[in-house]
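**Student:** I'd like to ask some things about the structure below.
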Amino acid sequence: QKEVEQDPGPLSVPEGAIVSLNCTYSNSAFQYFMWYRQYSRKGPELLMYTYSSGNKEDGRFTAQVDKSSKYISLFIRDSQPSDSATYLCAMSGNEKLTFGTGTRLTIIP
Amino acid sequence: ETGVTQTPRHLVMGMTNKKSLKCEQHLGHNAMYWYKQSAKKPLELMFVYNFKEQTENNSVPSRFSPECPNSSHLFLHLHTLQPEDSALYLCASSPRGVGGTPETQYFGPGTRLLVL
């Protein structure tokens, strides 16, 4: 079993829709959870960073962590074509980051 | 831009060539990383340098040789690569390295490598 599971997609939604991206994990030592966004031909850029369980909101983006279920989510409200990218979840205990495979998202105008 | 630059952006090399990838960070960070990104696979951590000292080598074949002359620069020397080494090679930096609270990592744009 992979430490981090992420549906690779692709996922296509119409502009303005709410997008839900998810990852599950098996290592209960993970405490730090991140979402990276990667545009084509670019490196990943940090989008959201949360510690332990709970929600964190930043503009149209909400990150949610449920440690009891070992499940994290990223919600994008009022999705825009500029949100089209690959979204990578990443998590860590005290050391190196473990990444998901990434979900490729396309927002259709 | 994230403050992490990588050159070259694209590289095509034969299996007998020797080439080097360069990474530079302008963020004042202490830790630098090399990752390999292949299609439909998670990012694979290759090497970690913390205060110029290598702290992790993730079972990487010896045909990949890292070098960190100072905390702002990181190189990946390549020789006798195989076609399966074709991938996007990403450099990242963070304020502190492993061993403490993990800091977020900032990535460069990557070098797209094709081995023929």
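**Student:** Give the residue, chosen from A:Gly16, A:Gly9, A:Gly43, that is modelled with pLDDT of 95 or more and in a loop (DSSP other than H, G, I, E, B). Show your work before the answer.
**Tutor:** Details: A:Gly9 fails: modelled with pLDDT of 95 or more; A:Gly43 fails: modelled with pLDDT of 95 or more.
The match here is A:Gly16.
**Student:** Please enumerate the residues belonging to the range A:50-84 that are open to solvent by 10 Å² or more (accessible area, probe 1.4 Å) and touching a Lys or Arg at 6+ places or on another chain (Cβ under 6 Å).
**Tutor:** Scanning the range A:50-84 gives A:Thr50, A:Ser53, A:Arg60, A:Arg77, A:Asp78.
**Student:** For residues that are of a type in the set (D, E, K, R) and either on the phi > 0 side of the Ramachandran plot or not in a loop (DSSP other than H, G, I, E, B) (or both), scanning just the range A:52-109, find the one that is farthest from the other protein chains (Cβ to nearest Cβ).
**Tutor:** Step one: of the range A:52-109, the residues of a type in the set (D, E, K, R) are A:56-58, A:60, A:66-67, A:70, A:77-78, A:83, A:95-96, A:104.
Now restrict to residues that are either on the phi > 0 side of the Ramachandran plot or not in a loop (DSSP other than H, G, I, E, B) (or both): A:56-58, A:66, A:70, A:78, A:83, A:104.
Details: A:Lys56: 13, A:Glu57: 18, A:Asp58: 14, A:Asp66: 20, A:Lys70: 17, A:Asp78: 26, A:Asp83: 19, A:Arg104: 10 Å.
Going through the qualifying residues, I end up with A:Asp78.
**Student:** Conditions: (1) touching a strand residue (DSSP E or B) at 6+ places or on another chain (Cβ under 8 Å); (2) in contact (Cβ under 8 Å) with a residue 12 or more places away in the chain; (3) within 11 Å of chain B (Cβ to nearest Cβ). A:Leu11 meets all but one. Number of the miss?
**Tutor:** Among (1) touching a strand residue (DSSP E or B) at 6+ places or on another chain (Cβ under 8 Å); (2) in contact (Cβ under 8 Å) with a residue 12 or more places away in the chain; (3) within 11 Å of chain B (Cβ to nearest Cβ), the lone unmet condition for A:Leu11 is (3).
**Student:** Of all residues in the range A:31-49, which are in contact (Cβ under 8 Å) with a residue 40 or more places away in the chain, under 17 Å from B:Ser94 (Cβ atoms) and surrounded by 21 or more Cβ atoms within 10 Å (Cβ to Cβ)?
**Tutor:** Within the range A:31-49, the subset in contact (Cβ under 8 Å) with a residue 40 or more places away in the chain is A:31-40, A:44, A:47.
Right, trim to under 17 Å from B:Ser94 (Cβ atoms) and you get A:31-36, A:44, A:47.
Passing the criteria: A:Phe33, A:Met34, A:Trp35, A:Tyr36, A:Pro44.
**Student:** Across the range A:50-78, what is the total count of residues that are in contact (Cβ under 8 Å) with a residue 40 or more places away in the chain and either within 24 Å of B:Lys40 (Cα to Cα) or under 10 Å from the mean Cα position of the chain (by Cα) (or both)?
**Tutor:** Counting residues in the range A:50-78 that are in contact (Cβ under 8 Å) with a residue 40 or more places away in the chain and either within 24 Å of B:Lys40 (Cα to Cα) or under 10 Å from the mean Cα position of the chain (by Cα) (or both) gives 7.
The values are calculated or read from the model by the stated rules, or taken from the named source; none is laboratory data. Keep in mind it's a predicted model, so treat the numbers as computed, not measured. Here Cβ is always computed from backbone atoms with ideal geometry, including for glycine, and neighbour counts include all displayed protein chains. For accessibility, only protein heavy atoms count, side chains too; no ligands or nucleic acids. Shrake-Rupley method; radii C 1.70, N 1.55, O 1.52, S 1.80 Å.
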